[in-house]
Amino acid sequence: MNVRSAMCWRYCYMPALRALSGRRNHQFQVQRGLHSNIIEALKAATGTENISTATVVREQHRKDESYHSCKPPDAVVWPQNVEQVSRMARICFENDVPIIPFGTSTGLEGGVLALKGGVCFNLTKMDEIVELNTEDFDVTVEPGVTRKGLNNYLRDSGLWFPVVVLMWNGCPVTLVSGCLTEEIVKANSGSDFAWAKDQETRNKLWQARHSAWYAARAMHPGCEGYSTDVCVPLSKLPEIIVTTKEDLVRSKLTGPIVGHVGDGNFHCLMIMDPQNEDEMMRIKEFTYRLARRALAMHGTCTGEHGIGLGKRQLLAEEIGAVGMKVMREIKAALDPKNIMNPGKVV
Ligand SMILES: Cc1cc2nc3c(=O)[nH]c(=O)nc-3n(C[C@H](O)[C@H](O)[C@H](O)COP(=O)(O)OP(=O)(O)OC[C@H]3O[C@@H](n4cnc5c(N)ncnc54)[C@H](O)[C@@H]3O)c2cc1C
């Protein structure tokens, strides 16, 4: 099942940016706090009830599920449709104010952090299914549609939007080729193989997958989690799992490994005491070693969590100076004033 997010640039931001293009290489200049005129203009665009500058609300939009954090955005808005997004994007553009899109804030690399202040666009109220083509296994959704919401909608169609095949603590669990996988697991001294034969068991397995992050964090109540992921060619997966487990032990870190056997992507969910600076340092060093190990195997420094805030240096190492320059130029072409989530990725 393919999902096209109707949020993307194409649907929401492009009309405003197309109309306003032409001013390039504009220096990004914004100060903390928004002028009252800007607040009033945003209110007019989306309705007084759909904007807040209250401290508690801004605090709720200050971070995602990752360990990264910074000051909150200056204001939060809840657009109801594409037109409102366009109108508010225009206001931000004309006033050099950063725009930070906000989905459900479950990102794991600090993507939603308002590093330079600005307006957080909370998109949860845009939750319509725009178009479903059952024959093409294709659906177009607004950005506030969640995985569960989509699957509820799809229930009667016989379709389902899955996430991925997974592995828990080195033991693969596949819903596609279970028998073969079970054989491989046994041949390699794997244990606790789980094979879903009915819907109820299948749901439980998926629930376990979706709760893995929270289960890991619950291992040490009061501690926080630091999740990192990499992706390597499939043939390199056993080798990198073994060396990563050895590295975790050597670094004296607790970090369950959860992975997607089908695509070579896996996560280390490290559990840490935020007061322990030495442990934090060991986690950061481990994360860099892991990413560089993946790069040396012709893999990538992130499988699905993205670059966000935490992996900018690693991205530069992965794609090199020329690659970075090209990406910066593409970003500048689409976002000439660098108001779209500034300070991230490139
Ligand atoms: C328990 C758990 C399980 C996860 N499992 C998976 C998994 O199986 N597969 C996987 O790929 N990832 C997984 N992730 C990580 C994944 O990156 C996020 O969960 C999710 O994709 C982020 O969506 P969000 O709406 O919460 O984004 P947010 O955290 O709100 O935002 C992430 C970034 O995207 C930007 N953004 C948000 N919405 C839009 C938009 N509509 N248009 C443009 N930019 C936008 C934000 O500004 C930010 O930079 C998991 C995370 C957790 C905590």
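FYI, it's all coordinate maths here, none of it is from the lab. In this text, all values refer to a predicted model and were calculated from it rather than measured experimentally. So basically every Cβ, Gly included, is an ideal-geometry build from the backbone, and we count neighbours across all protein chains shown.
Let's see if you can work this out: charge +1 on each Lys and Arg Cβ, -1 on each Asp and Glu Cβ, no other charges. What is the dipole magnitude of the chain about its Cα centre, in debye to the nearest 20?
Using only the charged Cβ atoms, the result is roughly 920 debye.
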- Quote the FRET efficiency, to the nearest 0.05, computed for E128 versus D263 with a Förster distance R0 of 35 Å and r equal to the Cβ-Cβ distance. 0.70
- Message: Taking the Cα centre as origin and putting +1 on Lys and Arg beta-carbons and -1 on Asp and Glu beta-carbons, what dipole magnitude results for segment 166-306, to the nearest 20 debye?
- Response: 160
- Listed here are the pairs K204/K245; K63/K245; K252/K284; which of them are more than 19 Å apart at the Cα? K204/K245; K63/K245
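Counting only helical runs of four or more DSSP H residues, what would the 222 nm mean residue ellipticity of the chain come to if each run contributes -39,500 (n - 2.57) and the total is spread over all its residues? The partial results should precede the final answer.
Values: 11 runs with 131 residues, N = 346.
My calculation for the chain gives -11500 deg cm²/dmol from helical runs alone.
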- Modelled label-to-label distance, T104 and C70, 7 Å Cα→beta-carbon offset: nm? 2.5
- Message: Rounded to whole Å, give me the distance from the Cα center of segment 264-307 to that of segment 180-251.
- Response: 15
- Task: Compare the Cα positions of M280, V139, I330 along the charge dipole of the chain (+1 at Cβ of Lys, Arg; -1 at Cβ of Asp, Glu; about the Cα centre) and return the one farthest towards the positive end.
- Result: I330
- Query: If you take the C-alpha gyration tensor of the chain, multiply each eigenvalue by 5 and take the square root, what semi-axes do you get, largest first, in whole Å?
  - Reply: 37, 25, 20
- Mind giving me the nanometre distance, one decimal, between the label points for F137 and T201, set 7 Å out from Cα along Cα→Cβ? 2.4
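What is the percent of Cα-Cα separations in segment 193-321 that go past 17 Å? Could the numbers behind the result be given before it?
On the way: 5034 of 8256 pairs.
Across segment 193-321, Cα pairs with separations above 17 Å total 61 percent.
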- The FRET efficiency for H298 and E246, from their Cβ-Cβ distance with R0 = 22 Å and rounded to 0.05, is 0.60
- Task: Give me the distance in nm between label points sitting 7 Å out from Cα along the Cα-to-Cβ direction at K148 and A333, one decimal.
- Result: 4.0
